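A.B. asks: Structure below; questions to follow.
The values are calculated or read from the model by the stated rules, or taken from the named source; none is laboratory data. The structure displayed is predicted, hence computed values, not measured ones. Every residue, glycine as well, gets a Cβ built from its backbone with ideal geometry; the counts of neighbours run over all protein chains shown.
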Amino acid sequence: MHTPEANDRIQLVFSLFDADGNGFLEPDDFELMGTRVVAAVPGAGDAAKGALLGSLRRYWTTLVTELDANGDGRISPEEFTACVLNPERFAETVDEFARALSAVGDLTGEGFVARADFIALMTAIGFRQPNIGALFDALGPAQGDRVAVDAWAEAIRDYYRPEKSGIAGDLLTGKAAG
């Protein structure tokens, strides 16, 4: 069963991935997102940037393979929700994306993402600044105002779990996490 919070999270992420605002997801939306996100952390290594771009391409490929029954090369909000909130169909894709996004922010290779890099990445995706700061704080920064890559990756995975509510990721929708 999908929680209302999960539906809110997925509606938000759909709107962010819909880079051209036409109400559908298309391959160019994912390329644009990838370009914006890797540009936000110029100090990231080429391998980390490549992994993130690859994860976004796989995200798109999974969506279009699972959902594009009519072959029009576009995904509607309804199609997106049906796939993304189905762990059996989307868990591997989310895991790859979570690992790649969190790792691209680890500029030192120490397993942590600095607040400034976290904010830059999340802003490039399109999340709102106050919500980004609230999420960062909810992830328990330490080690010189940094969050653990593993903690961020797990928060991303939780974001896509349909049964979850009251999680840190709910802060991105403007709703308080418990």
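A.B. asks: Do you know which residues across segment 91-117 are among the charged types (D, E, K, R) and in contact with an Asp or Glu (Cβ under 9 Å, 6 or more places away or on another chain)?
C.D. replies: Within segment 91-117, D106, R115, D117 qualify.
A.B. asks: Anything in segment 119-158 that is part of a loop (DSSP other than H, G, I, E, B) and either at positive phi or in contact with a Lys or Arg (Cβ under 9 Å, 6 or more places away or on another chain) (or both)? List them, or say none.
C.D. replies: G126, G140, P141, Q143, G144, D145
This table checks each residue for (1) in contact with a strand residue (DSSP E or B) (Cβ under 9 Å, 6 or more places away or on another chain); (2) of a type in the set (S, T, Y); (3) in contact (Cβ under 8 Å) with a residue 40 or more places away in the chain.
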{"position": "F14", "(1), (2), (3)": "yes, no, yes"}
{"position": "E26", "(1), (2), (3)": "yes, no, yes"}
{"position": "E31", "(1), (2), (3)": "no, no, no"}
{"position": "R36", "(1), (2), (3)": "no, no, yes"}
{"position": "L52", "(1), (2), (3)": "no, no, yes"}
{"position": "R57", "(1), (2), (3)": "no, no, no"}
{"position": "T65", "(1), (2), (3)": "no, yes, no"}
{"position": "P87", "(1), (2), (3)": "no, no, yes"}
{"position": "A114", "(1), (2), (3)": "yes, no, no"}
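A.B. asks: Name the single residue, out of those in segment 3-33 being exposed (fewer than 15 other Cβ atoms within 10 Å of the Cβ) and in a loop (DSSP other than H, G, I, E, B), that is modelled with the lowest pLDDT.
C.D. replies: Step by step, filter segment 3-33, then rank; the result is D20.
A.B. asks: Restricting the search to segment 34-47, which residues are assigned to a helix (DSSP H, G or I) and surrounded by fewer than 20 Cβ atoms within 10 Å (Cβ to Cβ)?
C.D. replies: T35, R36, A39, D46, A47
A.B. asks: Would it be correct to say that R99 is of a type in the set (K, R) and more than 17 Å from D46 (Cα to Cα)?
C.D. replies: Taking the combined requirement at face value, the residue does not satisfy it.
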